[in-house]
Amino acid sequence: MIQDSIIEDSQKYLMHTYARFPIALHKGRGARVWTVDGKRYLDFLAGIAVNCLGHCHPRVVVAIQKQAQRLLHVSNLYHIEPQARLAKLLVENSFANKAFFCNSGAEANEAAIKLARKHSKENFGQERFEIVAAHGSFHGRTMAALSATGQEQYRKGFGPMLQGFRFVPFNDIDALKDAVGPHTCAVILEPVQAEGGVKVPGGDYFRHVRELCNKKNVLLILDEVQTGIGRTGRLFAHEHYGIAPDIMTLAKGLGGGVAIGAMLATDTVAAAFTPGTHASTFGGNPLACAAAIATLETVLEDGLILSNAERMSAYLMDSLKGIADKFPRIVKDVRGLGLLAGIEIEGVEPPRIVRAAMDAGLLIGRAGENVIRFTPPLIVTEEEIDEMAGIMDGVLSALDMA
Ligand SMILES: *Cc1c(COP(=O)(O)O)cnc(C)c1O
């Protein structure tokens, strides 16, 4: 009954921007969540790759509690200890020299686009402002992030888009070479296209992208909003490719469940952001930074979380391949990097699978047209992956016979 009234109010008072499933979630621990009615789910979506340490990780919870008692907000007119500490942690563990904090992935990309343009204009002239992005990309819902997003479905009805964006096929270095010209200031890419359908590029792609950007003096912006903070088994996904960007954006996993975004850059590039040029009222507030410090310190400590993510990603892949072998009529491909995994589906509408899995106690997501996405927390266990496989087996068996 409680659940029904929540759903009723939700439908009545919230804008209908989401096609929500008819359950109301109430509490979570690790890879489990419960509805207000007490029904338990195995959570292999993890808030769409946000809850990297699972739900309510004790270190994150305690850090939030302590910070909430001390200081919640003071504005960026003053120095904030947790913000400085978080920036130091990120810089010491990445290619970057400087950080800017905001509140979401879209905002981080917004900041990256602004920084790239300003840096380029100051160093190479006013006419150099174009950004090359990929078809099938996803960079967020604000106007600039949307203008960089290469999927018509998200842009429909919101035109005109911002000027100065050009699109090329993902994982096609020749197309990128053709697109980068005298007006290009940056290339923006996801290390793995997540929303676009869990698309992992070929082994050499990003090395060639980096070489091209170096040769043309063009900035490489990597959107690690979904792939960052251990999602792929490394702290940042670009480490797999042996390259570093000039600008990187983070959000989803960064706060362990608390809203925070970050844009990181090298000193040379960051120099274009001088006092007054960019800002965010809530960006890097003490509460969000305390949550992010606890998350990042936990992920980095002894490498235990990252090595678990790496081991579990191999186990998850094997498990999904087993499912693909058993249901060749439905599952056409298994792919992913680390704990960002997907299975490509044919002959069944993906939402039917997502819904059937939910009814059987498993939360999973959809990505792109025909892909089911699995993004369990980095602390996931073999037992939990086995449980997921058991549920998927039941769900696909029923659909295979139908
Ligand atoms: C989710 C996502 C975004 C947008 O993040 P928001 O916090 O929803 O604004 C941007 N880029 C990528 C790669 C994402 O996965």
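Just so you know, all these numbers are worked out from the coordinates, no wet-lab data involved. A quick note: this is a predicted structure, and the numbers were derived from the prediction, not measured. Don't worry about glycine lacking a Cβ; one is built from the backbone with ideal geometry, like all the others, and counts go over all protein chains shown.
Pick from the stretch 335-349 the residues that are surrounded by 21 or more Cβ atoms within 10 Å (Cβ to Cβ) and touching a strand residue (DSSP E or B) at 6+ places or on another chain (Cβ under 9 Å): which of them is farthest from CYS52 (Cα to Cα)? Spell out how you get there, then give the answer.
First, the residues of the stretch 335-349 that are surrounded by 21 or more Cβ atoms within 10 Å (Cβ to Cβ): 336-343, 345.
Okay, now just the ones that are also touching a strand residue (DSSP E or B) at 6+ places or on another chain (Cβ under 9 Å), so 336, 339-343, 345.
Details: GLY336: 17, LEU339: 10, LEU340: 11, ALA341: 14, GLY342: 17, ILE343: 21, ILE345: 26 Å.
By that ranking, first place goes to ILE345.
Consider ILE353 carefully, then state whether it is surrounded by 20 or more Cβ atoms within 10 Å (Cβ to Cβ) and either in a helix (DSSP H, G or I) or at positive phi (or both). If you could, list the steps in order and put the result at the bottom.
Values: surrounded by 20 or more Cβ atoms within 10 Å (Cβ to Cβ): yes; either in a helix (DSSP H, G or I) or at positive phi (or both): yes.
In short, yes.
Hey, which of the helices (runs of 4 or more DSSP H) in the stretch 100-202, taking only ones fully inside, have at least 1 residues that are touching a residue at least 24 places away in the same chain (Cβ under 8 Å) and away from the ligand (no atom under 11 Å from the Cβ)?
Those helices (runs of 4 or more DSSP H) span 105-124, 143-147, 173-179.
Got at least one residue in the stretch 282-290 being touching a Cys at 6+ places or on another chain (Cβ under 8 Å), part of a loop (DSSP other than H, G, I, E, B) and more than 30 Å from ARG117 (Cβ to Cβ)?
So far as the stretch 282-290 goes, no, none of its residues is touching a Cys at 6+ places or on another chain (Cβ under 8 Å), part of a loop (DSSP other than H, G, I, E, B) and more than 30 Å from ARG117 (Cβ to Cβ).
Being within 15 Å of ALA194 (Cα to Cα) and surrounded by 24 or more Cβ atoms within 10 Å (Cβ to Cβ) is the filter here; which residues of the stretch 107-136 pass it?
Within the stretch 107-136, ALA133, ALA134 qualify.
Please state which of the following conditions VAL61 fails to meet, knowing it meets all the rest: (1) under 28 Å from GLY30 (Cα atoms); (2) aliphatic (A, V, I, L, M); (3) touching a residue at least 24 places away in the same chain (Cβ under 8 Å).
Only one criterion is unmet by VAL61, namely (3).
Got at least one residue in the stretch 156-175 being over 30 Å from GLU346 (Cβ atoms), under 19 Å from the mean Cα position of the chain (by Cα) and not hydrophobic (A, V, I, L, M, F, W, C)?
Quick first cut of the stretch 156-175, residues over 30 Å from GLU346 (Cβ atoms) only: 158-166.
After this cut, where a residue has to be under 19 Å from the mean Cα position of the chain (by Cα) as well, the list is none.
No: zero hits.
With the checklist (1) of a type outside the set (Phe, Trp, Tyr); (2) surrounded by 24 or more Cβ atoms within 10 Å (Cβ to Cβ); (3) part of a loop (DSSP other than H, G, I, E, B); (4) away from the ligand (no atom under 16 Å from the Cβ) in hand, flag the one item ASN51 doesn't pass.
Of the numbered conditions (1) of a type outside the set (Phe, Trp, Tyr); (2) surrounded by 24 or more Cβ atoms within 10 Å (Cβ to Cβ); (3) part of a loop (DSSP other than H, G, I, E, B); (4) away from the ligand (no atom under 16 Å from the Cβ), the odd one out for ASN51 is (4).
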